[in-house]
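The block underneath contains the structure these notes are about, expressed in structure tokens.
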Amino acid sequence: MNEIVVISGKGGTGKTSVTAAFAALAHRAVLVDCDVDAADLHLVLSPTVEETHDFFGGRHARIIPARCRACGACAERCQFAAIRQHADSGYRVDRLACEGCGVCAHFCPHGAMVFEETCNGQWFRSSMRFGPLVHARLGIAEANSGKLVALIRREARKIAVATDAALLLVDGPPGIGCPVISSLTGADHVVIVTEPTIAGRHDLQRVIALTAYCHLPAGIIINKADLYPEGTEEIMRYALARKVAVLGCIPYDPVITQAQLVGKSVIEYTDGPVSQALREIWDRLLSFQRKE
Amino acid sequence: MRIAIASGKGGTGKTTVATNLARVLSATCPVQYVDCDVEEPNGHLFLQPRITRSHPAGIPVPLIDVERCTRCGACSLFCQYHAIANLGATLLVFPELCHGCGGCARVCPERAIREEQRPIGVIEHGTAGGIAFLHGCLNVGETMSPPLIRAVLQQTDAAVTVIIDAPPGTSCPVLTAIRGADFVLLVTEPTAFGLHDLILAVEMVRALQLPLGIVINRADMGDDRVERYCMTEHLPILGRLPHDRHVAEAYARGVLAVDAVPAMTAAIQALATAIFREAAV
């Protein structure tokens, strides 16, 4: 089984639209949406949720007001400024700032704090028209996105093994931080969707540095390539210099937005130039994989 | 006043709005632009600041004094992030897992742990025309952006109007960036993904109990689902920016929209006025 992860560095370059198109083109694939704090893949794939599971990613401190003597030992030790004294209700832990280290609860001289496991979100095992989908919803303003990403990738791999799937297709989050690294580790191939803008190119360079750091083979897709042809050429030159394959270019075309608005992948929506480009990219990606 | 520019979905135009807003405001009042998207900072590409000062930022990680350490393992047991492994004969520290809470040093009965700063990124200060510029840039391979974002925000100027360019998403990096703002402007686009992620972002801002407003970018590219949602939720739409190929091309080259398309200045000015009016309510 092969695992392909689609990332971008910069947000909004078309990761999810490309992943949805790949889902339509792939045979026997298991899909995973690792953008756990702004997951969008389900909007196109319209899955039927078969199982819902709570995600417990860490612990949080809480003050029991009746036992608190307002000594401030907790607030003094908190490195995350998560504990403050309120005029009306005394000391309180700001759940959204707490990083779950446990220092406050450990050092409370009056045993007035509990340090309890908390639910940070949900993850789902679903099925849709192209096969199984594993996705998740990190609770609003929650931490531990990296752990949730690792968990859903593990669950998806289990399904892939059980169903003898040939491919694990992962829609990654933007950026280069915790959830991205968690999406990449142990993958077989990384597809980077970029755009020919100065910001797209800047972020591409950082994301390529990251895939090199993780020792992963990567290929680039240039979306909206005709929006700024000079920018596309610059990306191609850069890719050549860094020995990263350019898998192909996608023209700028409103059909991508139109397909999204009706909840379809662009492959299902039209057979125009965008879909043709994506078919070629998909074939090239598969032949690269066979070579490896 | 601190205005944070955020969005659930990436690529909706946070940086476009933040940089152009900073440029337009700088004509009438002192402004600081602060890029908190430390994983992928882009504001400097458009404002092209002259960097005047640069310094590393880090988090405190444990350094174990092997002479004093008795391998009792209290630190390893305490650490919620599995950043210290007790291998019996020795203790192994994984600095990249450490959140810098200081718990290990506090629980060590032998006082064998002291903390040293491990750099995770760089903070740069500069000027761009009349705009004070500040951003953080996370080192490639680092997982934790919130400590760097906190360090960047500590350097902001309380005396001027601060424009905070936040990272995408709805989890800890964004939260860290917008906490402490006086007003949050959410940038969205009129598409299915735009609306879905806007709803999440609105929930996030409401959880922080911060005042907010919406700007719809590329307002004529999709449909009216975002408009309808804002109306139902009584969310003020403070501006609608057009889907203009000239703006997109200028953006691609790294040129500010207000410099490339004259009509954009009035649109951004109107947005600024609407933000200040809404924030005063």
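Candidates A:GLY219, A:GLY272, A:GLY200: the one that is of a type in the set (Gly, Ala, Ser), surrounded by fewer than 23 Cβ atoms within 10 Å (Cβ to Cβ), in contact (Cβ under 8 Å) with a residue 24 or more places away in the chain and touching a helix residue (DSSP H, G or I) at 6+ places or on another chain (Cβ under 8 Å) is A:GLY219.
Just to verify a result, which residue in the range B:74-132, among those that are among the charged types (D, E, K, R) and under 29 Å from B:ILE51 (Cα atoms), is surrounded by the fewest Cβ atoms within 10 Å (Cβ to Cβ)? Going through the qualifying residues, I end up with B:GLU116. When the range B:203-219 is filtered for residues that are within 20 Å of B:ALA267 (Cα to Cα) and within 11 Å of another protein chain (Cβ to nearest Cβ), the ones remaining, listed by number, are B:ASN217, B:ARG218.
Each row is one residue, and each column tells you yes or no for (1) out of contact with any Asp or Glu (no Cβ under 8 Å at 6 or more places or on another chain); (2) within 14 Å of chain B (Cβ to nearest Cβ).
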{"site": "A:CYS74", "(1), (2)": "yes, yes"}
{"site": "A:HIS86", "(1), (2)": "yes, yes"}
{"site": "A:HIS110", "(1), (2)": "yes, no"}
{"site": "A:PHE115", "(1), (2)": "yes, yes"}
{"site": "A:PRO132", "(1), (2)": "yes, no"}
{"site": "A:ALA143", "(1), (2)": "no, yes"}
{"site": "A:ALA156", "(1), (2)": "yes, no"}
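Just one of the listed residues (B:GLY102, B:GLY88, B:GLY121) is more than 13 Å from chain A (Cβ to nearest Cβ) and among the small types (Gly, Ala, Ser), and it is B:GLY88.
Assigned to a helix (DSSP H, G or I), assigned by TED's automatic domain parsing to the domain that holds A:ILE208, of a type in the set (Ser, Thr, Tyr) and surrounded by 21 or more Cβ atoms within 10 Å (Cβ to Cβ), is that true of A:THR19?
Working: assigned to a helix (DSSP H, G or I): yes; assigned by TED's automatic domain parsing to the domain that holds A:ILE208: yes; of a type in the set (Ser, Thr, Tyr): yes; surrounded by 21 or more Cβ atoms within 10 Å (Cβ to Cβ): yes.
Yes.
Of the set (1) touching a strand residue (DSSP E or B) at 6+ places or on another chain (Cβ under 6 Å); (2) surrounded by fewer than 19 Cβ atoms within 10 Å (Cβ to Cβ); (3) closer than 25 Å to A:VAL49 by Cβ, all apply to A:VAL114 but (3). A single entry from A:GLY90, A:GLY121 fulfils the requirement of being of a type outside the set (Val, Ile, Thr), touching a Pro at 6+ places or on another chain (Cβ under 8 Å) and at positive phi: A:GLY90.
Across the range B:179-198, the qualifying residues are those that are within 17 Å of A:GLY263 (Cβ to Cβ) and among the small types (Gly, Ala, Ser), and the one among them that is surrounded by the fewest Cβ atoms within 10 Å (Cβ to Cβ) is B:ALA192. Number of residues in the range B:135-173 that are buried (at least 21 other Cβ atoms within 10 Å of the Cβ), of a type in the set (Gly, Ala, Ser), farther than 17 Å from B:GLN117 by Cβ and within 7 Å of another protein chain (Cβ to nearest Cβ) equals 2.
Which members of the range B:247-269 meet the condition of being loosely packed, with under 14 Cβ neighbours inside 10 Å and outside any loop (DSSP other than H, G, I, E, B)? Explain how you work it out, then say what you get.
Quick first cut of the range B:247-269, residues loosely packed, with under 14 Cβ neighbours inside 10 Å only: B:259, B:262-263, B:266.
Across the range B:247-269, the qualifying residues are B:ASP259, B:ALA263, B:ALA266.
Checked against (1) at pLDDT below 95; (2) β-branched (Val, Ile, Thr); (3) part of a strand (DSSP E or B), A:ILE192 passes all but a single condition, namely (1). Residues that are closer than 15 Å to A:ALA187 by Cα and assigned to a helix (DSSP H, G or I) within the range A:209-247 comprise A:LEU210, A:THR211, A:ALA212, A:TYR213, listed in sequence order. Of the candidates A:CYS74, A:CYS119, A:CYS101, the single residue that is in a loop (DSSP other than H, G, I, E, B) and not polar (S, T, N, Q) is A:CYS101. Among the candidates B:VAL205, B:VAL174, the residue that is under 18 Å from B:GLU278 (Cα atoms) and within 16 Å of the chain's Cα centre (by Cα) is uniquely B:VAL205. Within the range B:13-64, the residues that satisfy the criterion of being more than 11 Å from every other protein chain (Cβ to nearest Cβ), among the aliphatic types (A, V, I, L, M) and not in a helix (DSSP H, G or I) are B:ALA27, B:VAL31, B:VAL34, B:ILE51, B:ALA57, B:VAL61, B:LEU63, B:ILE64. If B:LEU77 satisfies all but one of (1) farther than 23 Å from B:ASP35 by Cα; (2) hydrophobic (A, V, I, L, M, F, W, C); (3) more than 14 Å from chain A (Cβ to nearest Cβ), what's the number of the condition it fails? Among (1) farther than 23 Å from B:ASP35 by Cα; (2) hydrophobic (A, V, I, L, M, F, W, C); (3) more than 14 Å from chain A (Cβ to nearest Cβ), the lone unmet condition for B:LEU77 is (3).
Taking the conditions exactly as written (within 21 Å of the chain's Cα centre (by Cα) and either under 30 Å from A:THR13 (Cβ atoms) or assigned by TED's automatic domain parsing to the domain that holds B:PHE133 (or both)), does B:GLY11 satisfy them or not? Yes: the conditions hold for B:GLY11. Taken together, the criteria place A:ILE208 among residues that are over 21 Å from B:GLU249 (Cα atoms), modelled with pLDDT of 95 or more, out of contact with any Cys (no Cβ under 9 Å at 6 or more places or on another chain) and crowded, with 17+ Cβ neighbours inside 10 Å.
Please indicate, with yes or no, whether at least one residue in the range B:100-120 is modelled with pLDDT of 95 or more, among the polar types (S, T, N, Q) and part of a loop (DSSP other than H, G, I, E, B). No, because not a single residue in the range B:100-120 is modelled with pLDDT of 95 or more, among the polar types (S, T, N, Q) and part of a loop (DSSP other than H, G, I, E, B).
The values are calculated or read from the model by the stated rules, or taken from the named source; none is laboratory data. Bear in mind the structure is a predicted one, so any value in this text is a computation, not a measurement. For neighbour counting, all protein chains shown are included, and Cβ atoms are generated from backbone atoms with ideal geometry for every residue, glycine included.
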